[in-house]
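What follows is a single structure, written as structure tokens, with notes after it.
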Amino acid sequence: MSNPPAKPTQPGPKKAADFAADRDWPGYYKAVLGKPARETLVAALDSFEREAKPAPGPALAIDIGCGEGRDTLELLRRSWRVLAIDDQPKAFDYLRPRVPPEQAPRLEIQIATFQTMQLPGADLMNASYALPFCEPRHFPGVWAQIVRAIRPGGRFAGQLFGDRDDWSALPDRTHHTRPQAEALFRPFEIEMFKEEEKDDTSATGGTKHWQIFHIVAKKR
């Protein structure tokens, strides 16, 4: 007796990475809503607090690709002024209602792409999982603007993706070898440079190989 035909595999629930792969940002916001601030941001903020340097007013952080606002909310909670930047107006529909009224005066928003954003001088530049989504042709100019905007003694916190990451085959993503990533931070003192490689499953049952550089660096 022959075996019955196998039932087709049903796709599982989509993960945040599945939405990001397709640049379905509203879907991504829903998938990560309520998650805590990124480890790199927390590490940078803790370093600032250990230094405990007096300032005339709240320091300025710029949150590039702020999304639904998990990092912006942490910055506001820790008394920073924040310029939150995203090219998706929908992002701010998720962010604004979760900002406590007493913190709202310290928040400014800017709807802009990587290549059109305007960066004032800042003490902290946060780019959590954002810069890999900058198109390669725009990345050098965007990175130069980021470096210029960070004040001496200020910090960068965020991620870059490696060249062994599966998304490196996509023409609209920016990826770096480890030496290339390290070279970007020559004007900085590296405080964290953690490389992560792992395989993960997608909603369709496929796999994705990740290569991520988690970085915190202080500008000289």
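The values are calculated or read from the model by the stated rules, or taken from the named source; none is laboratory data. Because the structure is a prediction, the values reported are computed rather than measured. A quick note on method: Cβ atoms are made from the backbone with ideal geometry, for glycine too, and the neighbour counts reach across all protein chains shown. Note: areas computed on protein heavy atoms with side chains; ligands, DNA, RNA excluded. Shrake-Rupley method; radii C 1.70, N 1.55, O 1.52, S 1.80 Å.
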Notebook entry, point to check: For the chain, what mean projected area does the convex hull of the alpha carbons give, in nm²?
Noted result: 14.4 nm²
Margin query: If the only charges are +1 at each Lys and Arg Cβ and -1 at each Asp and Glu Cβ, what is the size of the charge dipole of the chain around the Cα centre, to the nearest 20 debye?
Written below: 360 debye
Next item on the list: Provide the per residue accessible area, probe 1.4 Å, for the chain, rounded to a whole number of square angstrom.
Entry: 51 Å²
Checklist line | Among 14-23, 125-134, the order from most to least packed when residues are scored by Cβ within 10 Å on average | finding: 125-134, 14-23
Check: Between SER79 and ILE190, what FRET efficiency follows from the Cβ-Cβ distance if R0 is 30 Å, with the result rounded to 0.05?
Finding: 0.70
Next item on the list: Compare the Cα positions of ALA181, ILE109, TRP167 along the charge dipole of the stretch 104-220 (+1 at Cβ of Lys, Arg; -1 at Cβ of Asp, Glu; about the Cα centre) and return the one farthest towards the positive end.
Entry: ILE109
Check: What whole number of Å gives the distance from the Cα centroid of the stretch 192-220 to the Cα centroid of the stretch 70-144?
Finding: 21 Å
Check: Once both labels are modelled 7 Å past Cα along the beta-carbon direction, what's the GLN180-THR204 spacing in nm?
Finding: 2.6 nm
Margin query: Please report, in whole Å³, the volume per residue of the convex hull around the C-alpha atoms of the stretch 98-176.
Written below: 123 Å³
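What is the packing order of peptides 57-64, 110-117, 25-32, taking the mean over residues of other C-beta atoms within 10 Å and listing the highest first?
57-64, 25-32, 110-117
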Note to self: Can you compute log10 of I(q)/I(0) for the stretch 151-210 with the Debye formula, treating each Cα as one identical point scatterer, at q = 0.13, 0.22, 0.29 Å⁻¹?
What the structure shows: -0.45, -0.97, -1.29
Check: When the accessible area of the chain is computed with all protein chains present and a 1.4 Å probe, what percentage of it is carbon and sulfur?
Finding: 54 percent
Note to self: What's the ranking of 41-49, 198-206, 89-97 by average number of surrounding C-beta atoms within 10 Å, highest first?
What the structure shows: 41-49, 89-97, 198-206
Notebook entry, point to check: Please report, for the Cα atoms of the stretch 179-220, the Rg to one decimal and the Dmax as a whole number; what are they, in angstrom?
Noted result: 14.4, 46
Note to self: At q = 0.28, 0.30, 0.31 Å⁻¹, what log₁₀ I(q)/I(0) does the stretch 17-57 have when each alpha carbon counts as one equal point scatterer in the Debye sum?
What the structure shows: -0.93, -0.97, -0.99
